[in-house]
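Asks: Can you read through this structure? Questions will come right after.
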Amino acid sequence: MLNFYKQLHIHNRFFAYISIVSAIFLLSYWIAVLEAIAWFLAMAFIVVSLMDIVLLFRFKKGIEASRTLPKKFSNSDENKVSITIRNQYPFAIQLLVIDELPFQFQKRDFNYRKTIEKHTNESFEYLLTPFERGEYYFGNLNLYAATTLSFFSRKFSFDTNAMVAVYPSYVQMKKYEFLAISNKLTTVGLKKIRRIGHTLEFEQIKNYVVGDDVRTINWKATAKKGELMLNQYQDEKSQPIYSIIDTGRVMKMPFNELKLLDYAINSTLAFSNIALLKNDKAGMFTFSKKVENMVLASNKKTHLSTINETLYNINTDFTDSDFGMLYGMVKRKVNQRSLLILYTNFEHISSLKRQLPYLMALAKKHLLIVVFFENTELEELIEGKANDLQEIYYKTLAEKFSYDKRLIVKELEKRGINAILTKPEQLSINVINKYLMFKSKGLI
């Protein structure tokens, strides 16, 4: 036996085989152990998942939610939308809120995440800014609820379909009301003047003073008192004021996502409110190939609502506006001297000269203000730095267009026509200031 061991030579391959067999044996052992652990973890995961599902679906009305909308939206302004959520679960819940917004906003990434404690209410608000008048339809309010494990989510969908109409900017209208309420006009260099006139608005009977108009002598009062007495009148406070909106293709141009037409509409609403607060009669109409949406000047309490509803339905087209037709209509329909605020746009001096005879004819009988717009994008190009020949060419063209705008103002003023050249976003305040200036000087 001893000789056997002495003669036996064990090769390295034998030890290699032994190592492999041992490793396989050990691996099989640990696999069995790992399989047991894996089965345990799998069963635990299944149990926890089932518990998560049971917790979410055990309560039929685990979440309640509602959306609160204003009666109407204000165009080009931020409008608040409120969502209220109540957690009926006896534990904290994690929520993902997805509201189905109107297609006009083209917002597909709306979501709001919030953790709500048990049996509590939570509210949050978000802002929407429309840039187009019309009807906006909201869809469902969808909420995805999850426990702290967040293995699964339960969808709650609330049928909160609703329509909100987007009206001209009533936020802007309210913003400028203080200009009508405040009488501190001297702070901007304006002096209030009370003009004595001969209109039908009677003021008082007074003693005759040398220089008074003898045509206003009140002979009955003179006979009773035994000395010359005369009637004194003052200018009528309620002057007719019309906002005229061009709905032709020139008003289709957009600035900051809002068309020039909508800037004019927002300004008309804000300005009409100021005029009514100042006891003047506000009216409006639109024109392109024909006159439409005419609201006769009035100072009734409900008149602003009538103007607002009319402005809501105004749209523009791609036709060239007929100023000759406009002049003929004003001549027939507006018999009393009025303040006419014409919202239009002229890009070239040549386009003004084609319409100038009609504007001059309107200005002979009425106090006419022509309102048109600066091209703010051109101003940015002019102020920018030109780095090459092409940019120099573009900058030169922009300066030429800008010069034409200023030349249009000079041409109108030379013909006795008032003009306002304004940036779109400053339109309302510039028109209102012009009106208040005329009012303080007694021109209307």
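Every residue, every condition in (1) in contact (Cβ under 8 Å) with a residue 24 or more places away in the chain; (2) touching a Lys or Arg at 6+ places or on another chain (Cβ under 7 Å); (3) part of a loop (DSSP other than H, G, I, E, B); (4) not aromatic (Phe, Trp, Tyr), yes or no:
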site: 264; (1), (2), (3), (4): yes, no, no, yes
site: 294; (1), (2), (3), (4): yes, no, no, yes
site: 325; (1), (2), (3), (4): yes, yes, no, yes
site: 330; (1), (2), (3), (4): yes, no, no, yes
site: 336; (1), (2), (3), (4): yes, no, yes, yes
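Asks: Please return the ranges of strands (runs of 3 or more DSSP E) entirely within segment 117-179 where 3 or more residues are surrounded by 18 or more Cβ atoms within 10 Å (Cβ to Cβ).
Replies: Details: elements: 121-128, 134-138, 141-146, 154-158, 162-167.
By residue number, 141-146, 162-167.
Asks: Please pick out the residue among 364, 385 that is open to solvent by 50 Å² or more (accessible area, probe 1.4 Å) and modelled with pLDDT of 85 or more. If you could, list the steps in order and put the result at the bottom.
Replies: Numbers: 385 fails: modelled with pLDDT of 85 or more.
Answer to the check: 364.
Asks: Identify, please: which residue in segment 116-149 is among the polar types (S, T, N, Q) and in contact with a helix residue (DSSP H, G or I) (Cβ under 9 Å, 6 or more places away or on another chain) and is, among those, modelled with the highest pLDDT?
Replies: Taking segment 116-149 and keeping what is among the polar types (S, T, N, Q), we get 120-121, 123, 129, 140, 142, 147-148.
Within this subset, residues satisfying the condition of being in contact with a helix residue (DSSP H, G or I) (Cβ under 9 Å, 6 or more places away or on another chain) are 129, 147.
On the way: 129: 93, 147: 88.
By that ranking, first place goes to 129.
Asks: Applying the selection to segment 49-98, what residues are charged (D, E, K, R) and either open to solvent by less than 10 Å² (accessible area, probe 1.4 Å) or farther than 22 Å from residue 117 by Cβ (or both)?
Replies: Our first condition is that a residue be charged (D, E, K, R); within segment 49-98, this holds for 52, 58, 60-61, 64, 67, 71-72, 77-78, 80, 86.
Passing the criteria: 52, 71, 72, 77, 78, 80.
Asks: Restricting to segment 214-258, name every residue that is touching a residue at least 60 places away in the same chain (Cβ under 8 Å) and either open to solvent by 30 Å² or more (accessible area, probe 1.4 Å) or in a loop (DSSP other than H, G, I, E, B) (or both). If you could, list the steps in order and put the result at the bottom.
Replies: Taking segment 214-258 as the starting set, the residues that turn out to be touching a residue at least 60 places away in the same chain (Cβ under 8 Å) are 235, 238-253, 255-258.
If the condition is that a residue be touching a residue at least 60 places away in the same chain (Cβ under 8 Å) and either open to solvent by 30 Å² or more (accessible area, probe 1.4 Å) or in a loop (DSSP other than H, G, I, E, B) (or both), then 235, 238, 239, 247, 248, 249, 250, 252, 253, 256, 257 are the ones that fit.
Asks: While we're on this one: Residues to consider are 318, 285, 346; find the one that is in a loop (DSSP other than H, G, I, E, B) and in contact with an Asp or Glu (Cβ under 9 Å, 6 or more places away or on another chain). Lay out the reasoning, then the answer.
Replies: Values: 318 fails: in contact with an Asp or Glu (Cβ under 9 Å, 6 or more places away or on another chain); 285 fails: in a loop (DSSP other than H, G, I, E, B).
346 is the lone residue from the list that is in a loop (DSSP other than H, G, I, E, B) and in contact with an Asp or Glu (Cβ under 9 Å, 6 or more places away or on another chain).
Asks: Moving on. Here is a list: 409, 431. Which entry is within 30 Å of residue 131 (Cα to Cα), assigned to a helix (DSSP H, G or I) and either touching a Leu at 6+ places or on another chain (Cβ under 8 Å) or open to solvent by 60 Å² or more (accessible area, probe 1.4 Å) (or both)?
Replies: 409
Asks: Could you tell me whether segment 389-408 includes any residue that is more than 25 Å from residue 259 (Cβ to Cβ), free of Cβ contacts under 8 Å to residues at least 40 places away in the same chain and small (Gly, Ala, Ser)?
Replies: Taking every residue of segment 389-408 in turn, none turns out to be more than 25 Å from residue 259 (Cβ to Cβ), free of Cβ contacts under 8 Å to residues at least 40 places away in the same chain and small (Gly, Ala, Ser).
The values are calculated or read from the model by the stated rules, or taken from the named source; none is laboratory data. Every value quoted in this text rests on a predicted model; they were computed, and no experiment measured them. Every residue, glycine among them, receives a Cβ derived from its backbone with ideal geometry; neighbour counts consider all protein chains shown. Each accessible area value is taken on the protein alone, full model and side chains, heavy atoms only, with ligands, DNA and RNA left out. Shrake-Rupley method; radii C 1.70, N 1.55, O 1.52, S 1.80 Å.
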